[in-house]
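Enquirer: Take this structure, written in structure tokens, and hold onto it; I'll ask about it next.
The values are calculated or read from the model by the stated rules, or taken from the named source; none is laboratory data. Note that the structure is predicted; figures quoted are calculated from it, not measured. Cβ: placed from backbone, ideal geometry, glycine included. Neighbour counts: every protein chain shown.
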Amino acid sequence: MRDWNALKERYLRDELPIRLGNLASNLARIKSRCQNSANGELVEGLLQESKIFIEWTAKDAEVEIAAELVELQVQLACWQYCWARIWEDAEQRMRVAEQTKIWSEKVLNMSGLLAVN
């Protein structure tokens, strides 16, 4: 069982851009792990972790960013709800992979970490 309190304490030490970058990284891991059908439980865990990262992050973000994060959180919850069916269908699994890639890039862009200073 994960120690969510310890993870939260560590996660919240970072500034908002770093937290968004961590969320983007989680989404990229979902995309890459969807390539192998043996990773179903791992990906489901990443979905849960990403939802929690959003919960811990959205409250500190600007309204526009928070709204997009909530939209992502709802999408992750929908996938999680149907996860067994999605994972068994290679086409649906690849759709999830593609959508998480798009979200990962979007969240990374929102973070500002790629901006040239």
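Enquirer: In this structure, does LEU108 turn out to be more than 20 Å from TRP4 (Cβ to Cβ) and not in a helix (DSSP H, G or I)? Explain how you work it out, then say what you get.
Expert: On the way: more than 20 Å from TRP4 (Cβ to Cβ): yes; not in a helix (DSSP H, G or I): no.
For LEU108, the condition - more than 20 Å from TRP4 (Cβ to Cβ) and not in a helix (DSSP H, G or I) - is not met.
Enquirer: Mind checking which pairs have a first residue in the range 86-107 that is touching a residue at least 60 places away in the same chain (Cβ under 8 Å) and a second that is crowded, with 16+ Cβ neighbours inside 10 Å and assigned to a loop (DSSP other than H, G, I, E, B), Cβ under 8 Å, 6 or more apart or different chains?
Expert: MET94/CYS34; VAL96/CYS34; ALA97/CYS34; THR100/CYS34
Enquirer: So which residues in the range 79-105 are surrounded by fewer than 16 Cβ atoms within 10 Å (Cβ to Cβ), closer than 15 Å to ALA24 by Cβ and either of a type outside the set (Asp, Glu) or touching a Cys at 6+ places or on another chain (Cβ under 9 Å) (or both)?
Expert: Passing the criteria: only ILE102.
Enquirer: Looking at LEU16, LEU27, LEU108, LEU76, can you tell me which residue is surrounded by 13 or more Cβ atoms within 10 Å (Cβ to Cβ), in contact with a Gly (Cβ under 7 Å, 6 or more places away or on another chain) and at pLDDT 95 or above? Break it down into steps so the answer makes sense when it comes.
Expert: On the way: LEU16 fails: in contact with a Gly (Cβ under 7 Å, 6 or more places away or on another chain); LEU27 fails: in contact with a Gly (Cβ under 7 Å, 6 or more places away or on another chain); LEU76 fails: in contact with a Gly (Cβ under 7 Å, 6 or more places away or on another chain).
Sole residue among the options that is surrounded by 13 or more Cβ atoms within 10 Å (Cβ to Cβ), in contact with a Gly (Cβ under 7 Å, 6 or more places away or on another chain) and at pLDDT 95 or above: LEU108.
Enquirer: Anything in the range 38-65 that is among the aliphatic types (A, V, I, L, M) and farther than 19 Å from PRO17 by Cβ? List them, or say none.
Expert: As a first pass, look at the range 38-65 and keep what is among the aliphatic types (A, V, I, L, M): 38, 42-43, 46-47, 52, 54, 58, 61, 63, 65.
Once the filter is applied, which keeps residues that are among the aliphatic types (A, V, I, L, M) and farther than 19 Å from PRO17 by Cβ, the range 38-65 yields ALA38, LEU42, VAL43, LEU46, LEU47.
Enquirer: Output the residues belonging to the range 30-43 that are in contact (Cβ under 8 Å) with a residue 40 or more places away in the chain and buried (at least 18 other Cβ atoms within 10 Å of the Cβ).
Expert: ILE30, LYS31, CYS34, VAL43
Enquirer: Failed condition for GLU64, given (1) among the charged types (D, E, K, R); (2) assigned to a helix (DSSP H, G or I); (3) surrounded by 12 or more Cβ atoms within 10 Å (Cβ to Cβ), with all others met?
Expert: (3)
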